[in-house]
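J.: Can you read through this structure? Questions will come right after.
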Amino acid sequence: MLRCIKCGRVYGEDEVRYRCECGGLLEVIVNLDGAENVFDGRNITLWKYRGFIPVEKRVSLNEGGTPLYRLENLQKKLGMKELYVKNEGANPTGSFKDRGMTVGVSKALELGMERVICASTGNTSASLAAYAAKAGIDAYVLVPEGKIALGKLAQAIVYGAKVVPVRGNFDDALGLVVEASKELGVYMLNSINPFRLEGQKTIAFEIYDQLGFVPENIILPVGNAGNISAIWKGFRELYEAGFTDSLPRMIGIQAEGASPIVRAWKGGQAFKPLKKPETVATAIRIGNPANWPKAWRAVKESGGTFESVGDDEILKAQKLLASEEGIFVEPASASSLAGLIKLGDEIDPDESTVLITTGHGLKDPNIILENFTLPEPIEPTMEAFRRRME
């Protein structure tokens with residue numbers, strides 16, 4: 001069933017609804033009696049955890065099963081005992097969004113929907129387009145004009161989605177998507193749709209399955225704020241099902257130029273949207289995160305925190321992760337490492353920490369290419385090459 005996190009009102013799971021009548025966000029309440037203890041560290045894929053996933057149909061591109069790396073070089077450099085990264089860029093379209101879309105598009109088919117829609121800064125559009133193509137239904141993606149990485153836009157185009165640029169930012173595009181879902185009967189698959197988050201919560205299951213324990217800290221980027229609440233929901237369900245007796249601290253990182261949640265959290269004031277968000281981290285360039293109440297609840301319940309990092313810190317962390325560990329992520333993903341570095345002593349170095357990186361570096365290579373110039377070519381001789389090596 002669907003339940004409002006604000007007033008507690010309950011709706012049937014087959015009602016096409018994204019918010020409660022009171023305006024509150026909805027979450028899916030799963031009957032955990034059917035959840036099996038499959039956490040044996042083997043054959044890890046998203047649908048391994050089907051007992052936790054509230055859909056019967058399955059539109060899949062073999063998503064999930066992403067690698068969890070021990071950051072041996074960085075943990076030494078930062079003086080930490082156990083540091084890992086969960087690399088979601090290894091999903092089929094190169095981002096964590098595939099977890100939500102496999103469940104969301106599956107639910108769309110169960111509901112008899114023939115058209116799906118989303119607003120996107122990039123990764124959501126690519127993922128929705130791919131899964132809609134697999135399902136054989138129409139996809140519409142609304143993107144902010146001039147504010148989407150070309151690598152992501154190319155994916156949406158080649159997968160066959162109808163791409164509609166919108167004059168304005170992500171929040172303007174999302175507002176139009178909400179209206180279209182009401183008036184035109186198009187199924188909305190932004191993270192305000194609670195079934196999207198049911199796929200994304202499987203990140204928690206995989207971390208537990210791969211490590212064999214629940215880490216003390218989970219650090220991840222926050223854009224529209226669905227992922228942090230989804231992962232917390234996953235760990236809570238593990239706890240409620242009796243598979244673990246511990247829970248992690250959830251730590252959300254926003255870019256300074258797009259950090260309305262951090263400002264409210266640190267200022268002890270009411271949440272206020274940011275009208276003109278700006279950051280090189282395009283995937284989290286969102287000024288009015290739709291899921292901020294869920295994210296706030298996740299961080300508060302877990303004893304975690306929110307922090308913001310500057311663009312220079314993000315780009316430095318992106319290069320550090322690549323040069324020290326061989327892992328190339330898009331700028332938004334690097335905010336998790338940047339946040340860890342900024343938090344410093346607030347993270348106990350003796351605790352286990354998992355960084356979530358949400359998208360592959362080839363999704364958004366523009367910022368790197370813009371700041372790099374190839375050296376002059378050499379003559380094809382060993383003498384010239386020796387001089388270059390000096």
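J.: Calculate for the chain the 222 nm mean residue ellipticity that helices alone would give, adding -39,500 (n - 2.57) per DSSP H run of length 4 or more and normalising by residue count, nearest 500 deg cm²/dmol.
T.: -11500 deg cm²/dmol
J.: Oh, and also: Cross-link candidates for residue 276: which aspartates and glutamates have Cα within less than 13 Å, leaving aside residues fewer than 8 places away along the same chain?
T.: The reachable aspartates and glutamates, counting only those whose Cα sits under 13 Å from residue 276, are 171, 172, 256.
J.: So, one more: Running a GNM on the chain with Cα contacts under 10 Å, which residue among 234, 344, 89 ends up with the highest mean-square fluctuation?
T.: Its mean-square fluctuation being the largest, the pick is 344.
J.: Using modelled amide H (1.01 Å from N, peptide plane; none on Pro or chain starts), what sits under 5 Å from the amide H of residue 164, excluding residues fewer than 5 places away?
T.: 141, 142, 143
J.: Compute the label zone of residue 61 within the range 79-98: residues whose backbone N is under 14 Å from the point 7 Å along Cα-to-Cβ.
T.: Residues 89-98 qualify, since their backbone N sits under 14 Å from the label point.
J.: Please enumerate, by chain and number, the lysines with C-alpha under 20 Å from the C-alpha of residue 152, excluding those fewer than 8 residues away in the same chain.
T.: Qualifying lysines at Cα under 20 Å: 97, 134, 162, 363.
J.: Please determine, in degrees from 0 to 90 and to the nearest 10, the orientation of helix 226-240 with respect to the longest principal axis defined by the Cα atoms of the chain, where the helix direction is its Cα long axis.
T.: 70
J.: Which distance in Å, rounded to a whole number, links the C-alpha centroids of the range 158-182 and the range 26-63?
T.: Cα centres, the range 158-182 to the range 26-63: 30 Å.
J.: Hand me the trypsin sites (Lys or Arg not before Pro) from the range 102-173 located in a DSSP loop with no more than 15 other Cβ atoms within 10 Å, in residue order please.
T.: 167
J.: I've got another one for you. Report the charge-dipole magnitude of the chain in Debye, nearest 20, computed about the Cα centre from +1 at each Lys and Arg Cβ and -1 at each Asp and Glu Cβ.
T.: Charge dipole, the chain, about its Cα centre: 740 debye, nearest 20.
J.: Below 20 Å, Cα to Cα, which lysines can residue 76 reach? Residues fewer than 8 away in the same chain don't count.
T.: Candidates past the 8-residue exclusion: 86, 316, 319, 342.
J.: Using just the C-alpha positions of the range 267-320 as equal point scatterers, what log10 of I(q)/I(0) does the Debye formula give at each q in 0.24 1/Å?
T.: Debye curve over Cα of the range 267-320, log10 I(q)/I(0) at q = 0.24 Å⁻¹: -1.13.
J.: Now for a separate question. How long is the gain from residue 346 to residue 29 if the chain were fully straight, where each residue apart is worth 0.36 nm and the alpha carbon distance is subtracted?
T.: Residue separation times 0.36 nm, minus the Cα-Cα distance, leaves 110.8 nm.
J.: For the range 1-118, which whole percent of the accessible surface, found with a 1.4 angstrom probe, sits on carbon and sulfur atoms?
T.: Here carbon and sulfur together make up 40 percent of the probe-accessible area.
J.: Measure nothing fancy, just the Cα-based angle from helix 311-325's long axis to the longest principal axis of the chain, in degrees from 0 to 90, nearest 10.
T.: 70
J.: Among 297, 42, 196, which one moves the most in a GNM of the chain with springs linking Cα atoms closer than 10 Å?
T.: The residue with the greatest mean-square fluctuation here is 42.
J.: To check my understanding: the extent here is largest minus smallest coordinate of the Cα atoms along each principal axis. What are those three numbers for the chain, in Å, largest first?
T.: Result for the chain: principal-axis Cα extents of 74, 46, 45 Å.
J.: Something else now. Using the heavy atoms of the protein chains and a 1.4 angstrom probe, tell me the accessible area per residue for the chain in square angstrom.
T.: 43
The values are calculated or read from the model by the stated rules, or taken from the named source; none is laboratory data. Note that this is a predicted model, so its numbers are computed, not measured. Cβ coordinates were reconstructed from backbone atoms using ideal geometry, including for glycine residues, and neighbour counts include every protein chain displayed. Surface accessibility is based on the protein's heavy atoms, side chains included, excluding ligands, DNA and RNA. Shrake-Rupley method; radii C 1.70, N 1.55, O 1.52, S 1.80 Å.
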